1. Arrange the peptides 182-188, 28-34 so that the one whose residues have, on average, the most other Cβ atoms within 10 Å appears first.
2. Identify the GluC sites (Glu not before Pro) of segment 201-295 meeting these criteria: DSSP loop state and at most 15 other C-beta atoms within 10 Å of the C-beta.
3. 222 nm [θ] for the chain, helices only, -39500 (n - 2.57) per DSSP H run of 4+, per residue, to 500?
4. Of LEU189, LEU217, PRO234, which is farthest towards the positive pole of the chain's charge dipole, taken about the Cα centre with +1 and -1 on the beta-carbons of Lys, Arg and Asp, Glu respectively?
5. Can you give the Kirkwood hydrodynamic radius of segment 54-165 from its Cα pairs, in Å with one decimal?
6. Residue farthest toward the positive end of the dipole of the chain, with Cβ of Lys/Arg at +1 and Asp/Glu at -1: which of GLY258, THR121, TYR160?
7. Once both axes come from the Cα atoms, what is the angle between helix 151-160 and the longest principal axis of the chain, in degrees from 0 to 90, rounded to 10?
8. If you build a Gaussian network model of the chain, linking Cα atoms that sit under 10 Å apart, which residue out of PRO78, PRO169, PRO143 swings the most?
Amino acid sequence: MITVMGATGTIGRQVTRQLLAAGEQVRALGRDPERLAEAAAAGAETMAGDAGDAAFLTEAFHGAAAVHTLLPYDPTVPGYRAEQDRLGDSIVAAVGGSGVRHVVAISSVGADVPAGTGFITSLHAQERRLRRLRDAHVLVLRPGFFFENFASVAEVAARYGVYADAVAPDVPLPMIATRDIADVAARALITRDWSEFTVRELLGPRDLTHAEATGILGAAMGRPDLAYVRLPDPEMIEILVGAGFTEEAAALHIELGGALSDGTIAPREGRTASNTTPTRLDDIAGSLVPGHQRA
Ligand SMILES: NC(=O)c1ccc[n+]([C@@H]2O[C@H](COP(=O)([O-])OP(=O)(O)OC[C@H]3O[C@@H](n4cnc5c(N)ncnc54)[C@H](OP(=O)(O)O)[C@@H]3O)[C@@H](O)[C@H]2O)c1
């Protein structure tokens, strides 16, 4: 049996589907039984609870051959860093308390850097916690920027003819489809073919700049003129807070944009066949733009 944290989320939902399709028994976790109904209908055992509750998580990890873990991303939650620490401590306590031997952890490119990387600083802290586990084999996956991030901004971009964010337009970045991250995670959970503390970067098919990515999205929405602009920090913060980000999360987003733009956040492995993943932005851009019915 394999336990999947965040089974209602972008990556965990796809990991759950793939494990079930491969004939694995799955215990799917989330906070809300209603959102877990899809996993239950597909054949998973489900457990609803707060991942910050170490007793709940220990029970959920108990008896699993492997667990899929992540730190949920929610920029509307008060005290982002403190909440990430709370969840991260609980995950590590539950791995230790349940005796599970194999852990796959979703992290990020840039998590090797201790500070100054916005949201990714929490993932650095989590990697440090996981590295201290003595009795579990931990595989840390460090993906690049998710293509799916564009889905949340595509509607506004279509309305105004401009996609605005905090990253420089012309910096090539590794960008990846979450389905490819889920593929790697599911295969690892099944094969458990790594030992000790292992890090793997996942870099997508090729690096893309925000300007290039915007061109691909624009073509998919029938707006070939769609432009990308990097907004000045105060304007960007105002937009983010208006969209529900806390002040802390807005500041972390700006810091992240700066660190992506100046090369602080960058892959360390160099591009190889094993960290290059197949899905191109062009392959899924149509599913990220307004009007598409998401599955
Ligand atoms: N976006 C990027 O470009 C990027 C790049 C690299 C790495 N990352 C990292 O990837 C991770 C996000 O993965 P994702 O997009 O798959 O996540 P996601 O879609 O935000 O899903 C989060 C999952 O966690 C669950 N959850 C949230 N709070 C919880 C809590 N307190 N207790 C129990 N479950 C909780 C949610 O379920 P319910 O809401 O149903 O409870 C959901 O299933 C983050 O660590 C992020 O930093 C992101």
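1. The densest-packed peptide leads the list: 182-188, 28-34.
2. GLU269
3. It lands at -13000 deg cm²/dmol.
4. Highest projection toward the positive end goes to LEU189.
5. Hydrodynamic radius (Kirkwood, Cα only) of segment 54-165 equals 15.5 Å.
6. Selected residue: THR121.
7. Once rounded, one gets 20 degrees.
8. Ranking PRO78, PRO169, PRO143 by mean-square fluctuation puts PRO78 first.
The values are calculated or read from the model by the stated rules, or taken from the named source; none is laboratory data. Everything numeric in this text was worked out from a predicted model, so none of it was measured. No Cβ is skipped: glycine too gets one built from the backbone with ideal geometry, and neighbour counts run over all protein chains shown. The protein model used for the area step is the full one, side chains on, heavy atoms only, and it has no ligands, DNA or RNA in it. Shrake-Rupley method; radii C 1.70, N 1.55, O 1.52, S 1.80 Å.
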